[in-house]
Structures are given as C-alpha cells and as structure tokens.
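Here the structure comes first, spelled out in structure tokens, and everything after it is commentary.
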Amino acid sequence: MSFYEELVIDPGSEGGGQTLNVLGVIKLRLEDYIEAEKCFDEFLNLSGRSRFLRESFQGYRNVALSEYNLALKEPGKKKDWLDKAVINYDHAIRCLGGDPKIPNQQPRSRDEFNTRYNRSCAKMERAEPEDIEFAMQELITLKSVAPNIVPSHEIWHWRANILSALSKAYSKLDRDEEALRCTKELVQEYERVENKDIEKQPFGIQNAKQNLQSASIWLKQIAKAKEAEDLDQKITKQLERINNLSQSVPSIPLKDWSTVISQIEQIE
C-alpha cells in the first residue's frame, strides 16, 4: 500500500525546518527511507519535539512513515522500526488533540483520520494479537466515520483501503468468514467506482492494484474453494480493468526529483 497522498507540506512556511520536511517528502517518494527518516528527525529537532503543538504533527507522522517503510524493507530490524513508527504515530495523534490509547476514538480531522489509519497498518505488521485487535477496532471506527471526515469524491478510495486492511486483520486472527466479507465489499467498491475517479485519485491506481493483489493472494489460501474462486475471478477482472488505466494526476517524474533535491540542498 501507498502512504504519500496524505503527506503534509505547508508551502507557505519558511525556514530550515520546513525545508527539511519538504526534502524528506521527496526522499520518501524516491523510496530513500533512511535519508527521509534523517530529514524528518532533524526537522523535529529544529521545530521542537512538542507532543502538544499541532506544528509538530508533520514531523512525527512523516518520520513514522519512513520507519514503517524501513520495517518492510529491512526484515532483520522490522520489530525495532515498527516500534519506533507506532510511538511516533502516537505522538502525532497527541499533537492533533487525540488520545492514542483509545482505539475507537473518532478522529477530529482528516489528518488524525489518516494518522490513525497508518498506525493501524503498522500495528498489524507487528503481528501481536493485541496489536491486531487494537488495529481492527480502530479500522472499524474509521470506516464508519469516513463519510464525515473524507471529501465525498475520496470516500470510495479510503473505504477500499480500510476494507483491505480489515480483511488482513481478520485473516491474521483466523476469522476467515469476516475476512471474506470484507474482501467482497472491497471488490464491490472497485466495481462501483468509475475509471475517471480512480485515475484522478492520487495513487488511486497504485493502491487499487495493491489492495486487489493482496486479496487475490489471500483467497488462494483459504479453504472455501468455490466461493473464493468466484470472488478471485471478479478480482482478476478488476485488475485487468485497472491495468488499462493511466494516472491523470500531474506529478514530477522520478528522474527529475534528484534535480529538486539538489536545489533544496543548495538553499540549506
């Protein structure tokens, strides 16, 4: 799954701290997670590591994103990176006025909504039963409040992401019936959404492929062969459709990001 569509950048801000924040986001886009983590960590040092100021939210969440991706990239250090990511997500939630210890607390803003979603993914990767249960409760809450938090044209996108994560949570707890139900709902989301909406959504195509491919892999592992086979055929049909789409959201080609980085480093 992709996390970059919700990164917070304030283009009106000035100073070395915000420069580091922007540079870190670019490093994340280039999948240079070590350097991204360093940039965000230094950003926090400059801006002040307050757990009560909203301004610190950007640093805490972005450094957690870096750590989460490092956990996926470095299996030998996975637990350490995930532990750090969860702690920093907790700090980000506190900066936004939430209580990270409450799994079903309704988020006050889109920023908190996104942070709680990302933290749920990190908790599931830790694979401890209590973490998975916590993440599952949080995801259920996020699914129910999404229409009140997320812009109407993005609800399908977030419902699909949450349903994919919920399906994984249920399957990790061997609750295959509920995982299958979430997978069916996931496929229905993509059956309903129009091509133009997927193309316009930042990372809509990328996330759709990841969600559907993950569901297909899981379906091949469960015992209910006929039901799983029918659903997998629908997933294959949706993947074929999505593979023919092209992202219409303007973006800087990856090869050009190195030029942007050099320009920012000169400003520093």
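Taking a sphere under 11 Å around the Cβ of Lys220 and counting the other residues whose Cβ falls inside, with K and R at +1 and D and E at -1, yields a net charge of -2.
On the beta carbon distance between Arg110 and Leu72, with R0 = 35 Å, the FRET formula returns roughly 0.90. Assuming R0 = 25 Å, what is the FRET efficiency of Glu130 and Gln221, from their Cβ-Cβ distance, to the nearest 0.05? That pair, Glu130 with Gln221, gives E of 0.55. Checking the Cα-Cα distances for Lys79/Lys168; Lys184/Lys226; Lys123/Lys234; Lys77/Lys172; Lys78/Lys172; Lys196/Lys237 against a 23 Å cut-off, the pairs over it are Lys123/Lys234.
Read the figures in this text as sums done on the coordinates, not as results from a lab. Everything numeric here is computed off the predicted structure, so don't read it as measured data. Heads up, the Cβs are rebuilt from the backbone with ideal geometry, glycines too, and the neighbour counts pull from every protein chain shown.
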